[in-house]
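Q: Let me begin by handing over the structure; questions about it come next.
Bear in mind these aren't lab numbers, they're just calculated from the coordinates by the rules spelled out. Model, not experiment: these values are computed from the prediction. Note that we place each Cβ from the backbone using ideal geometry, even for glycine, and neighbour counts take in every protein chain shown.
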Amino acid sequence: MAHSFLETVQKHLQIAADVVQLPRHVADILAHPKNEIIVNFPVRMDDGSMRIFTGYRIQHNNIRGPYKGGIRYHQDVNLDDVKALAALMTWKCSLMDIPFGGAKGGVKVNPHLHSKDELMRITRRFTHALGSNIGPDYDIPAPDVGTNAQVMVWMMDTYMNRSDDLTKNAQRGIVTGKTINAGGSQGREQATGQGVAFCVREWARMKGIVLSGKRAIIQGFGNVGSYAAKFLDQLGVRVVAVGDHTGYLRNERGFDVAKLFNHARQFGSLAGFQEGDPISRDEFFQTKADIFIPAALENQITSKEAEWLEVQCVVEGANGPTSPDGDTVLTAKKIDVIPDILANAGGVTVSYFEWIQNKRSEFWDLEEVEQKLEKKMVKAYAKVMEYSKRKGISNRIAAYAIALENLKVAYEERGIFP
């Protein structure tokens, strides 16, 4: 039976809750978001017409710190998926021991169908509609699918212009993932993909695998997939197949990743890249490789795709890319899975670094950011693998369980008010 993304996240929560003997009332609290915000707002299009857009902000939990999570622009954005993504942010921040809670937001819109000016007006109207439901010490958005540093700067500017002049600059931390000039952090744009690569490196080290010459396939070539490819290339891994919303390409010799990266940056997709053979989605999943990085959307690896995969390791750059039946097949095939809340946690980790820099009026150089990120990722990876082995459970449930143990302690110490 097919499960929705939200049902999948809830199922993993239940299993991990039993592992850590989470009190029933805490499990019940974590099964529901604290706040569900839906806004409908008008935006003037370039031709002068008006359109109504629907936006969401789900604030899942803030027991360990301010709500934190991305803003997604996609035509399939819906309430249940945003609720699932917000919960994943809670587990992710807890697993990485970052003092944030979990949130997620989005606007139901296809950004590829709108001009830059229309996207700016959509962003500003959405930010205005959210009003005081976000704030630098309350709920801090970041980029996600369909958004980028420019969108974050528009959000920041809109929010800052609602403040009085004396406190305006103190509001820079309202979003993370900004441009450097607007108060962003070195290393933030590459952070999620770099975190994926750190996980691949640690997996290979623990398994005694030499990465040089190994083959990787990557689904999704936006921010996460493209930077993951770049860092894997530096590790000597050959990227032999890639795909995004415009189609799939294969190059058995291995792509020139620098060219591929620059093309995707210049044109916004893989469309038009000539140094690869066009293949179908099915052929992509049937490509023999060592490492698969799903970096697109959720529920991409069902039992069908899992049966096709001929890899040693799946590293989840995307949130929730594997369905429960897909997980079952991967386990049966003894394919290692590095779960999303670990593999793609580099983004929120460097977002935390950016937030700290904004608060302290500091600016760290790239080397410092990368060193701090590496330390966080390596420590979390080792912790998940040790827990998984000790308890005899999957890496995914181990990651959830560690996150829940930290949340469990927070509720034990603080109790329920009043």
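Q: Go ahead and run the numbers for FRET between Glu307 and Leu166, Cβ-Cβ distance against an R0 of 56 Å, rounding to 0.05. Walk me through the numbers on the way to the answer.
A: Numbers: r = 61 Å, r/R0 = 1.09.
E(calc), rounded to 0.05, equals 0.35.
Q: Placing +1 on the Cβ of each Lys and Arg and -1 on the Cβ of each Asp and Glu in the chain, which of Ser185, Ile301, Ile218 has its Cα farthest towards the positive end of the resulting dipole?
A: Value computed over the given set: Ser185.
Q: Continuing with this model, one more query. Rounded to the nearest 5, what % of DSSP beta bridges with both residues in the range 33-168 are antiparallel? Show your work: numbers first, answer last.
A: Numbers: 17 of 26 bridges.
Antiparallel bridges: around 65 percent, rounded to the nearest 5.
Q: Follow-up. Counting only C-alpha contacts under 8 Å and six or more residues apart, can you give the relative contact order of the range 278-410 as a whole percent?
A: Working: 155 pairs, mean separation 23.7, N = 133.
Averaging sequence separation for qualifying contacts and normalising by length gives 18 percent for the range 278-410.
Q: If you wrap a convex hull around the C-alpha atoms of the range 33-168 and split its volume per residue, what is the figure in Å³?
A: Numbers: hull volume 14.1 nm³, N = 136.
Here the figure is 104 Å³ per residue.
Q: Could you give the length gained on full extension between Gln371 and Arg44, defined as 0.36 nm per residue of separation minus the Cα-Cα distance, in nm?
A: Numbers: separation 327, 0.36 × 327 = 117.72 nm, distance 4.47 nm.
Working it through step by step, the gained length comes to 113.3 nm.
Q: Per the helix-only calculation at 222 nm, which mean residue ellipticity applies to the chain, given -39500 (n - 2.57) for every DSSP H run of n ≥ 4 and division by its residues, nearest 500 deg cm²/dmol? Each step should come with its number before you reach the end.
A: Working: 15 runs with 191 residues, N = 418.
After summing the helix terms and dividing by the residues of the chain, the value is -14500 deg cm²/dmol.
Q: Only bridges whose two residues both fall in the range 191-338 count here: according to DSSP, what percent of them are antiparallel, nearest 5? Don't jump to the answer; show the numbers that get you there.
A: Values: 7 of 23 bridges.
Around 30 percent of the beta bridges assigned by DSSP in the range 191-338 are antiparallel ones.
Q: Would you please give the residues with an amide H less than 5 Å from that of Lys214, counting only those at least 5 places away or on a separate chain, with H modeled from the backbone geometry?
A: Here the answer is Arg238, since their amide H atoms fall under 5 Å of that of Lys214.
Q: How far apart, in nm, are two points set 7 Å out from the Cα along the Cα-to-Cβ line at Arg253 and at Ala410?
A: Spacing of the two 7 Å Cα→Cβ label points: 5.1 nm.
Q: So what J values fall out for the range 110-124 if you push phi through Karplus, 6.51 cos²θ - 1.76 cosθ + 1.60 with θ = phi - 60°, rounded to Hz, Gly and Pro as x?
A: For the range 110-124, the Karplus-derived couplings read 8, x, 6, 9, 10, 6, 4, 5, 5, 5, 4, 5, 4, 5, 5 Hz, x marking Gly and Pro.
Q: If you average the sequence gap of Cα pairs under 8 Å that are 6 or more apart and divide by the length of the chain, what percent do you get for the contact order? Before the final figure, lay out the partial values.
A: Values: 848 pairs, mean separation 68.9, N = 418.
Relative contact order of the chain: 16 percent.
Q: While we're on this one: Rounded to whole Å, give me the distance from the Cα center of the range 136-150 to that of the range 299-346.
A: 26
Q: Output ³J(HN,Hα) for the range 149-158: one whole-Hz value per residue in order, computed from phi by the Karplus curve 6.51 cos²θ - 1.76 cosθ + 1.60 with θ = phi - 60°, and x for Gly and Pro.
A: Along the range 149-158, the couplings run 4, 5, 4, 5, 5, 4, 4, 4, 5, 4 Hz.
Q: Still on this model: Taking H placed 1.01 Å from N in the peptide plane, check which residues at least 5 places from Ala295 or on another chain put their amide H under 5 Å from its amide H.
A: Placed amide hydrogens put Gln219, Gly220, Ala318 under 5 Å from Ala295.
Q: Something else now. Residues with amide H under 5 Å of Tyr248's amide H, sequence separation 5 or more or different chain, H placed in the peptide plane at 1.01 Å from N; which?
A: For Tyr248, the qualifying residues are Ile279.
Q: Run the quick spin-label model on Thr54 and Ala382: label points 7 Å from Cα toward the beta carbon, then report their separation in nm to one decimal.
A: 4.7
Q: Another question about this same structure. Share of antiparallel DSSP beta bridges in the chain, in percent to the nearest 5?
A: Details: 24 of 49 bridges.
For the chain, the DSSP antiparallel bridge percentage is about 50.
Q: Continuing with the same structure: Starting from 0.36 nm per residue, how many nanometres of slack lie between Ala271 and His128 once their C-alpha separation is accounted for?
A: Numbers: separation 143, 0.36 × 143 = 51.48 nm, distance 3.47 nm.
In short, 48.0 nm is gained.
Q: Given the peptides 80-91, 390-401, arrange them by the average over their residues of other C-beta atoms within 10 Å, most packed first. Display every interim value, and only then the final one.
A: Working: 80-91: 25.7, 390-401: 19.8.
Output ranking for 80-91, 390-401: 80-91, 390-401.
Q: Now a separate question. From the phi angles alone, apply the Karplus equation (6.51, -1.76, 1.60; θ = phi - 60°) to the range 354-369 and give each ³J(HN,Hα) in whole Hz, x where the residue is Gly or Pro.
A: My calculation for the range 354-369 gives 5, 4, 4, 4, 4, 5, 8, 6, 10, 9, 8, 7, 4, 4, 5, 4 Hz in order.
Q: Obtain the nm distance between the two label points defined at Glu36 and His112 by a simple spin-label model: each point lies 7 Å from its Cα along the Cα-to-C-beta direction.
A: For Glu36 paired with His112, the spin-label model returns 3.0 nm.
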